[in-house]
Amino acid sequence: IIEPLTQYAAGMAMHDPVYLRRARELCDQHQVHLVLDEIAVGFGRTGTLFAHEQAGIRPDFLCLSKGLTGGTLPLSVVLTTDAVYAAFYDDQVARGFLHSHSYTGNPLACRAALATLDLFEQTDALRQNHGTSERLAMQFAPISDHPRVRHARRKGMVFAWDVLSSLPDFGRRYARHALAQGLLLRPIGHTLYAMPPYVIDEAEGALLARGALAALEATLSEETSPAPVSGVLDGV
């Protein structure tokens, strides 16, 4: 089970597509299903419609949500291969996979998903995202070049930075200062990250970059002991 290209809960760790290709080879070699969690990275977030496309592979199971409805309503789906589907397709209750519950196939959420898919089909959103990502990278440059920032990284419309700080509660303090700037930013420990909406314009990007930098400076000003020389302290 892999979150491809960008692993969010792991501190926005990013890996090369070759990792996915080798994982696919190992799964094939040992006859193990490859499950890809694209709930966060799917629908254009990493630069392609699905992150695994950059590795040229196909998973046995693909988990999707979030971007499926443009974040407007909760909806998730699990896609699988015909072979897996056929193994569970049976009229006998003891054999069939009866995955049903009260909120399955919510019509309003499904309609929102169809509208989102229409936008991907009718607009050049993926190409536009490439330009938006480049522009945001320039706007975020003061954060990337900050003397207390390490490992600035980007994957499509995902940006992340590790911060050297002696504050054990860096994330909580940063979120408070970001809110004072009118921003909802929630670091993971000492890792800042941003996943802007695809429709963010230049002025909004500038506001985000300025506010994120101001929140960083305000948080670091609260330190009472020297920052670590290298590495990132674990925080809550």
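The values are calculated or read from the model by the stated rules, or taken from the named source; none is laboratory data. This is a predicted model, so every value here is computed, not measured. Don't worry about glycine lacking a Cβ; one is built from the backbone with ideal geometry, like all the others, and counts go over all protein chains shown.
Restricted to the stretch 144-171, and to residues that are of a type in the set (A, V, I, L, M) and buried (at least 19 other Cβ atoms within 10 Å of the Cβ), which residue is farthest from Thr6 (Cα to Cα)?
Leu167
For the stretch 165-195, which positions are of a type in the set (Lys, Arg) and part of a helix (DSSP H, G or I)?
Arg172, Arg173, Arg176
Restricting attention to the stretch 201-212, which residues are aliphatic (A, V, I, L, M) and either touching a Cys at 6+ places or on another chain (Cβ under 7 Å) or surrounded by fewer than 18 Cβ atoms within 10 Å (Cβ to Cβ) (or both)?
Step one: filter the stretch 201-212 for residues aliphatic (A, V, I, L, M), giving 203, 206-209, 212.
Across the stretch 201-212, the qualifying residues are Ala203, Ala206, Leu207.
List every residue pair whose Cβ atoms sit under 6 Å apart, with the two residues 6 or more apart in sequence or on different chains, where the first one lies in the stretch 175-188 and is under 26 Å from Ala13 (Cβ atoms) and the second, anywhere, is surrounded by fewer than 16 Cβ atoms within 10 Å (Cβ to Cβ) and of a type outside the set (Gly, Ala, Ser).
Between residues of the stretch 175-188 that are under 26 Å from Ala13 (Cβ atoms) and residues that are surrounded by fewer than 16 Cβ atoms within 10 Å (Cβ to Cβ) and of a type outside the set (Gly, Ala, Ser), the close pairs are Ala175/Arg186.
Is the stretch 11-23 home to any residue that is surrounded by fewer than 17 Cβ atoms within 10 Å (Cβ to Cβ) and farther than 28 Å from Tyr198 by Cβ?
Yes, that holds for at least one residue.
Among (1) under 24 Å from Gly47 (Cβ atoms); (2) crowded, with 17+ Cβ neighbours inside 10 Å; (3) of a type in the set (A, V, I, L, M, F, W, C), where does Met138 come up short?
Here Met138 meets the rest and fails (2).
Please verify whether the stretch 220-236 includes one or more residues that are among the β-branched types (Val, Ile, Thr) and either modelled with pLDDT of 95 or more or assigned to a helix (DSSP H, G or I) (or both).
no
What are the pairs, 6+ residues apart or on separate chains, where a residue within the stretch 132-156 that is closer than 14 Å to Leu192 by Cβ and modelled with pLDDT of 95 or more has its Cβ under 6 Å from a residue that is outside any loop (DSSP other than H, G, I, E, B) and among the acidic types (Asp, Glu)?
Arg150/Asp162; His151/Asp162
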